[in-house]
1. Evaluate the following for SER16: is it among the polar types (S, T, N, Q), touching a Lys or Arg at 6+ places or on another chain (Cβ under 7 Å) and under 16 Å from PHE54 (Cβ atoms)?
2. Which is over 14 Å from LEU9 (Cβ atoms), charged (D, E, K, R) and under 14 Å from the mean Cα position of the chain (by Cα), of LYS45, LYS89, LYS77?
3. What residue, among those in segment 17-63 that are of a type in the set (Phe, Trp, Tyr) and loosely packed, with under 15 Cβ neighbours inside 10 Å, is farthest from SER85 (Cα to Cα)?
4. Just the residues that are under 13 Å from GLU72 (Cα atoms) and in contact with a Phe, Trp or Tyr (Cβ under 8 Å, 6 or more places away or on another chain), please, taken from segment 40-54.
Amino acid sequence: MKNYNSIILWIDYFNSNLKRSEGRRVPLGISIKSPTLDDLVKAAKLAGYNPKPFQAFYPKRALIPSGYIAVEKKKPKSVMLKEVSKALKLVRQGQ
């Protein structure tokens, strides 16, 4: 059963190697190259969310392993995407 109180954020939403038509949802300026599920979890925590990670295949790229996090819906999805993306850049810079 679908949970309407959470939002799904796929790794591919933040991948600068992908075109918008391939699944990227954030602008190139705030996306990163080849994000990992661990990076996404750390970024969501840094942005103030409690993520639940899952390994799965992104529907637009069904043959390439990917993953997503489920996050409690606190704001509109577009706002949450930008917040997590900016935190993802900070996480990547810290490595």
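1. In short, no.
2. None of the others qualify; the one that does is LYS89.
3. If we take residues in segment 17-63 being of a type in the set (Phe, Trp, Tyr) and loosely packed, with under 15 Cβ neighbours inside 10 Å, then PHE57 is farthest from SER85 (Cα to Cα).
4. Answer for segment 40-54, where residues must be under 13 Å from GLU72 (Cα atoms) and in contact with a Phe, Trp or Tyr (Cβ under 8 Å, 6 or more places away or on another chain): just PRO53.
Every number here is computed from the coordinates shown, using simple stated rules; none is lab data. Just so you know, these numbers come straight off a predicted model, no measurement behind them. Note that we place each Cβ from the backbone using ideal geometry, even for glycine, and neighbour counts take in every protein chain shown.
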